[in-house]
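Right, one structure below, let's go through it.
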Amino acid sequence: MKKILLFLLILNQFVFSAVSEDKIDYVFGAAADKYNIDPKVIAAVAYYESRLYPNIVSILTKSRYKKNIVEKYLKKHNYKYKKHKRRVVVYVSKSNYPTKLFNYLNRLKLGYDVGLMQINSFNIKSMKLNPVALLYNVPYNIEIGAKILRKCFDQFSNNIPNAFECYNKGYNTNKYTYKYYTSVIKAYMRIIK
């Protein structure tokens, strides 16, 4: 586990430049083999989703009111976070008591994405997953992300653009803009160079 985290930090630092195929296989290979997906595809999704920071939670805050409430909570509990247009990205350490954070977000009925592959709260609930495990167990997070991606590939008969959009927007929508697909493909191209 420590080797994987160290490698992710190094991989993130170089943003896939000059990273060997062996190193990508080391981190993403088990999930890639299990779900029959190219490990570089999984790595590209992980890079785009989290920039390879494994211990982040991205909270969807559609209204300014909820964003302010979330920010007050995060400040009160000493979380490090960054504000984005419709999201707050939280850098979580074990000392922050992440279980309390997830309970708080669920009470507010806010959507959130967890960990390296940014597994969303809909999948966490429907698959009965433990968000704390997804946050701190990188191989588990990668495996769940690959499982979701495989389901999307199967749903869209291996149509790559639709499968990537499905990973991003969910299984039950057909309103795809292909912005996500384009971004993941750019990350993939950086990997294979």
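The values are calculated or read from the model by the stated rules, or taken from the named source; none is laboratory data. Note that this is a predicted model, so its numbers are computed, not measured. Here the Cβ positions follow ideal geometry from the backbone for every residue, glycine too, while neighbour counts run over all protein chains shown. Remember, those area values only see protein heavy atoms, side chains included, never the ligands or the DNA or RNA. Shrake-Rupley method; radii C 1.70, N 1.55, O 1.52, S 1.80 Å.
Say we join alpha carbon atoms closer than 10 Å with springs in a Gaussian network model of the chain; which of ARG150, ARG51, ARG64 then has the biggest fluctuation? Highest fluctuation of the listed residues: ARG64. Here the accessible area of the chain is 53 percent carbon and sulfur, with a 1.4 angstrom probe and all protein chains present.
Among the listed pairs LYS75/LYS179; LYS76/LYS151; LYS40/LYS179; LYS66/LYS125; LYS82/LYS179; LYS34/LYS193, those whose Cα-Cα separation exceeds 28 Å are LYS75/LYS179; LYS76/LYS151. Of the peptides 36-49, 73-86, the ranking by mean beta-carbon count within 10 Å, highest at the top, reads 36-49, 73-86. Computed from the Cβ-Cβ distance with R0 of 30 Å, the FRET efficiency linking TYR104 to LYS179 stands at 0.50. Over the Cα atoms of the stretch 95-152, the radius of gyration divided by the Kirkwood radius equals 0.96; this is the Rg/Rh ratio. Taken along the Cα-to-beta-carbon direction at a fixed 7 Å, the label points for LYS151 and MET189 span 3.1 nm.
Please compute, over every Cα-Cα pair in the chain, the percentage with a separation greater than 23 angstrom. Of all Cα-Cα distances in the chain, 42 percent exceed 23 Å.
Figure legend: label point modelled 7 angstrom from the Cα of LYS66 along Cα→Cβ; residues of the stretch 164-193 with amide N under 17 Å from it are 169-170.
Springs between Cα atoms under 10 Å define the GNM used for the chain, and in it the highest mean-square fluctuation of VAL89, VAL138, VAL114 occurs at VAL89.
Rg/Rh, computed from the Cα trace of the stretch 96-193 with Rh as the Kirkwood radius, has the value 1.00.
Helical content of the chain, expressed as a calculated mean residue ellipticity at 222 nm, amounts to -18500 deg cm²/dmol (DSSP H runs of 4 or more residues, -39,500 (n - 2.57) each, divided by residue number, nearest 500). Remark: the chain carries 56 Å² of accessible area per residue (probe radius 1.4 Å; ligands, DNA and RNA excluded).
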